[in-house]
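Structure record follows, encoded as structure tokens.
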Amino acid sequence: MLTIVVLGGFGLVLVVAAFIVTDVLAGIRRNEPSSTEEKTAGRVIRVRGPVRGQLESGAPAVYTEVIVEYYTRRGEGPYEVGRKFPVGSRITYAKGDRVIVAYDVRTPRRARLAGRVSHWPTLGPYAAAVPQP
């Protein structure tokens, strides 16, 4: 009888430990960045606004449109990505601002503005990615 209780208790401890380990591993996998997304620097080339128009959802709005040009880390490009900001937004961009662009490495290439940056030394691909003549 004592053996059954001890083995049952030990089995319960193993089951609880397994659940804890799977929760921890699931949390680590969830926090990892997607392997299909990379980030690079881009430069604001156009700022239009305020513009009266429709958002992607079809709702009428007054917004400022920001267009950014970027190159991938492999030297492909230039590509453009745009974003619409509400007129009352505290986020402001000016032509020539440097921004972070997160893009999908798969085709069709989809990109989004990930924020402003002032400390990246170069725009476009890394020197190792540029083919040498």
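The values are calculated or read from the model by the stated rules, or taken from the named source; none is laboratory data. Please read all numbers here as calculations on a predicted model, not as lab measurements. Cβ atoms come from the backbone with ideal geometry, glycine included; neighbour counts cover every protein chain shown. Keep in mind that these areas ignore ligands, DNA and RNA; they rest on the heavy atoms of the full protein, side chains included. Shrake-Rupley method; radii C 1.70, N 1.55, O 1.52, S 1.80 Å.
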Handout entry: Hits in segment 65-77 (condition: open to solvent by less than 70 Å² (accessible area, probe 1.4 Å) and either within 18 Å of the chain's Cα centre (by Cα) or not charged (D, E, K, R) (or both))
Key = VAL66, ILE67, VAL68, GLU69, TYR70, THR72, GLY75, GLY77
Problem - Count of residues meeting criterion [modelled with pLDDT under 85 and surrounded by 11 or more Cβ atoms within 10 Å (Cβ to Cβ)] in segment 48-64 - result: 3
Handout entry: Pick from segment 1-44, criterion closer than 26 Å to ASP104 by Cβ and among the hydroxyl-bearing types (Ser, Thr, Tyr), ranking: modelled with the highest pLDDT
Key = THR40
Fill in the blank from the handout: Output for Cβ contacts, cut-off 6 Å, separation at least six or different chains, first residue within 18 Å of ARG90 (Cα to Cα) in segment 41-57, second open to solvent by 50 Å² or more (accessible area, probe 1.4 Å) and assigned to a strand (DSSP E or B), reads PRO50/VAL62
Practice task
Would you please name the residue that is farthest from VAL47 (Cα to Cα), looking only at residues in segment 87-132 that are at pLDDT below 75, within 19 Å of the chain's Cα centre (by Cα) and open to solvent by less than 50 Å² (accessible area, probe 1.4 Å)?
Solution key: PRO125
